[in-house]
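The structure appears right after this line, and notes come after that.
The values are calculated or read from the model by the stated rules, or taken from the named source; none is laboratory data. Since we're looking at a predicted model, the values are computed, not measured. Ideal geometry is used to build each Cβ from the backbone, glycine not excepted, and the neighbour counts take in all protein chains shown. To get the accessible areas, we keep the full protein, side chains included, count just its heavy atoms, and leave off ligands, DNA and RNA. Shrake-Rupley method; radii C 1.70, N 1.55, O 1.52, S 1.80 Å.
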Amino acid sequence: GAEVVFSVDCTKLKEHFLPGQREFDRIYFNFPHCGRKAGVVKNRQLLAGFFHSCTQVLAQEGEIHVALCNGQGGTPADRPRREWHNSWQIVAVAAGAGFILSDVRPFKAETVDGYKCTGYRSQDKSFCVEGALNHIFTRSTAPLCSTPMSCKTQLGSQKVSFQVPQILVDKINRGFLVANSSHPVRTIKEKLSAGLSQAFPLQNISSCLPLLHQGHPDGVCHSNIFWIALSPGEAPSSEEMSQELANIVLFSHFGQDTDQNVQEGCPVPKQFYLRPSLLPHAQAIIKKRAFSPGTLQVLSGPVFRKCRITPHSMPVFHEMLVVLAVSRGSENSCIQMLVDNIQTTLNSLHQGVSGVKPSISLQEATSLGTELNDFAAFERQLGEIQHFLCVGTDPDPSGSFVGVIRTAPDELKSHELVVVSASLNLDLLAMLLCGISDWRMLWTLDRRFLRQFPEGELRLFKSFSLYPPSYVHDVSFWVPDGEEFDEVAFHTLARRVSAEMVVSIQLRDNFQQPGTGRRSLCYRVTFQSCDRALGCQEAAEMQLHFREEIQQHLGVTLR
């Protein structure tokens, strides 16, 4: 009952089918080849033309199946694997047309009735298909829109709007923690709350926490802050501002003073910034004594921090902050109760997902050196920490620090009560529990991610984008004389220019010119997406744009 069409050009599929016939659920191309002794370059060109042609005739959720002989594809699934330059580079070629590799299976000719492998060097001869692989491609989500976005939020007693920083456009107001969300971040938050409620009375006060803070974040390096300019006409008057400052959340009691931050190369603080922590909200509650001793106050929501690029460093994540006021002298036993409860809940979740019991431990803050991940390092800027909460066998700076335990500063203590708080990075916990290797996957717009967690069920995550290609570019430049290079700003520019497509930035060379003393830096920038197609040409254009931006915004001289 099938229609057979002959003389079809695989690079011009649209021309062979009427408009009503161009929504194929499957397109199969078994062992494509240019014929005779065509080299790898010609066969890559053939595949490129084929994939671009498929975009016009494939259904939105359709699949492309391409069978290749062992070694041709150039992926880790090949045994043995060819050197990259000697393969057909099928994943990178498909990415240029907007497709991602979603599965690889053995090609078994014997399972297809009547199938015969033929065409060796354009002759009626068979060829070896032992170890051949079927590569299954699907459509990638579209590139992110770079249109500027405004957001409204509560600031004191009035609503204001502001332009969202470009790297956060796809992350503001995503609603991961709302009641009908099935995102694993919300599931973990709800499970932790349920476990804690069995040991303590619990009150959730997360619904009305403002995104913006106002004031001077002392103790926090200003290069880690997302500074915000309110939309024209939105800024409160000086009289309103002085009134709101009495109630606004500030970092004024933390760490170093502003003068020291300026001396260390941080810019003079501005007025408004996206909240980097929920801790000031908790401390505002403590100052007002708006809590019941013995009752857990639970705050949760996204927080925003500029940071370097690593698989576990997030410019935005969901923080869960639990605060408990206890009688003086009982804080140590209270901390142990909190940790035991969190440990029991996480053990249960992890065993349910993977069948493996994780190691969850408290690490004394004084016993740890400087090898901390960005989450833990930033928390140290917010004030003194008693303990770090770690998941794993040994503390691993790349991702095992997932929470901190602290008591309130002296000025917030009373004669009778001590306030204990535990801050948890829900995104890191989701990654560790569900086996997600890249934080960016938590924020993907591809619906295949949430389909793996129906009704909030936690499962081991299976990536729908296998062996994504990576593209390596180097950039070197002279640093302005007498200035300290702001590496966080450098990484933040890379995030913005690439729409989070940069997966790694490594310092390759730090050179000081004899005589002049001029300093030159060379960085290796690796572009790779975890969830959508990224082609070679697109990565090259990002690199060129990145070079222009660092020259314009960081004042460097390109070499």
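Of all the listed residues (Pro468, Pro454), the sole one being under 21 Å from Ile188 (Cβ atoms) and either open to solvent by less than 30 Å² (accessible area, probe 1.4 Å) or within 24 Å of the chain's Cα centre (by Cα) (or both) is Pro454. Tell me, yes or no, whether region 43-54 has at least one residue that is in contact with an Asp or Glu (Cβ under 7 Å, 6 or more places away or on another chain) and surrounded by fewer than 18 Cβ atoms within 10 Å (Cβ to Cβ). Looking for residues that are in contact with an Asp or Glu (Cβ under 7 Å, 6 or more places away or on another chain) and surrounded by fewer than 18 Cβ atoms within 10 Å (Cβ to Cβ), one finds none in region 43-54, hence no.
Considering each residue of region 182-216, count those that are open to solvent by less than 20 Å² (accessible area, probe 1.4 Å) and free of Cβ contacts under 8 Å to residues at least 24 places away in the same chain, and give that number. Qualifying residue count for the region: 0. The single condition among (1) open to solvent by less than 70 Å² (accessible area, probe 1.4 Å); (2) out of contact with any strand residue (DSSP E or B) (no Cβ under 7 Å at 6 or more places or on another chain) that Cys128 does not satisfy is (1). Counting only strands (runs of 3 or more DSSP E) that sit completely within region 104-218, those holding 1 or more residues that are over 29 Å from Val93 (Cα atoms) and touching a helix residue (DSSP H, G or I) at 6+ places or on another chain (Cβ under 9 Å) correspond to 150-155, 158-163, 202-204, 212-214. I'd like the residue in region 1-23 that is aliphatic (A, V, I, L, M) and over 38 Å from the mean Cα position of the chain (by Cα) and, out of all such residues, is surrounded by the most Cβ atoms within 10 Å (Cβ to Cβ). So the residue we want is Val8. Screening the candidates Arg26, Arg79, Arg36 for the property of being touching a residue at least 12 places away in the same chain (Cβ under 8 Å), part of a strand (DSSP E or B), of a type outside the set (Gly, Ala, Ser) and loosely packed, with under 15 Cβ neighbours inside 10 Å yields one hit, Arg26.
A quick yes/no check of all residues on (1) out of contact with any Asp or Glu (no Cβ under 7 Å at 6 or more places or on another chain); (2) within 22 Å of Leu466 (Cα to Cα); (3) charged (D, E, K, R):
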{"position": "Phe490", "(1), (2), (3)": "yes, no, no"}
{"position": "Arg496", "(1), (2), (3)": "yes, no, yes"}
{"position": "Met501", "(1), (2), (3)": "yes, yes, no"}
{"position": "Pro514", "(1), (2), (3)": "yes, no, no"}
{"position": "Ser529", "(1), (2), (3)": "yes, yes, no"}
{"position": "Glu538", "(1), (2), (3)": "yes, yes, yes"}
{"position": "Phe546", "(1), (2), (3)": "yes, no, no"}
{"position": "Gln552", "(1), (2), (3)": "yes, no, no"}
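Inspection of region 487-497 finds no residue satisfying the criterion of being of a type in the set (Gly, Ala, Ser), over 27 Å from His222 (Cβ atoms) and either surrounded by fewer than 16 Cβ atoms within 10 Å (Cβ to Cβ) or outside the structural domain of Val93 (by the TED database) (or both). Please indicate, with yes or no, whether at least one residue in region 86-97 is at pLDDT 85 or above and surrounded by fewer than 18 Cβ atoms within 10 Å (Cβ to Cβ). Yes, some residue in region 86-97 is at pLDDT 85 or above and surrounded by fewer than 18 Cβ atoms within 10 Å (Cβ to Cβ). Quick check, is Thr557 open to solvent by 60 Å² or more (accessible area, probe 1.4 Å), of a type in the set (Ser, Thr, Tyr) and touching a residue at least 60 places away in the same chain (Cβ under 8 Å)? Yes: the conditions hold for Thr557. Cβ separations smaller than 7 Å between residues 6+ apart or across chains give the following pairs from region 339-351 residues that are farther than 13 Å from Leu433 by Cβ to residues that are open to solvent by 30 Å² or more (accessible area, probe 1.4 Å) and at pLDDT 85 or above: Asn341/Ala199. If you go through region 532-554 and keep only what is out of contact with any Ser or Thr (no Cβ under 9 Å at 6 or more places or on another chain), among the hydrophobic types (A, V, I, L, M, F, W, C) and touching a residue at least 60 places away in the same chain (Cβ under 8 Å), you end up with Cys536, Ala540, Ile550, Leu554. One residue alone among Gln543, Gln506, Gln528 is under 18 Å from Ser140 (Cα atoms), modelled with pLDDT of 95 or more, under 22 Å from the mean Cα position of the chain (by Cα) and not basic (Lys, Arg), and that residue is Gln528.
On the stretch given as region 461-514, residues that are under 23 Å from Lys306 (Cβ atoms), in contact (Cβ under 8 Å) with a residue 60 or more places away in the chain and not small (Gly, Ala, Ser) total 21. Listed conditions (1) open to solvent by less than 10 Å² (accessible area, probe 1.4 Å); (2) modelled with pLDDT under 90; (3) of a type outside the set (Gly, Ala, Ser) are all met by His281, apart from (1).
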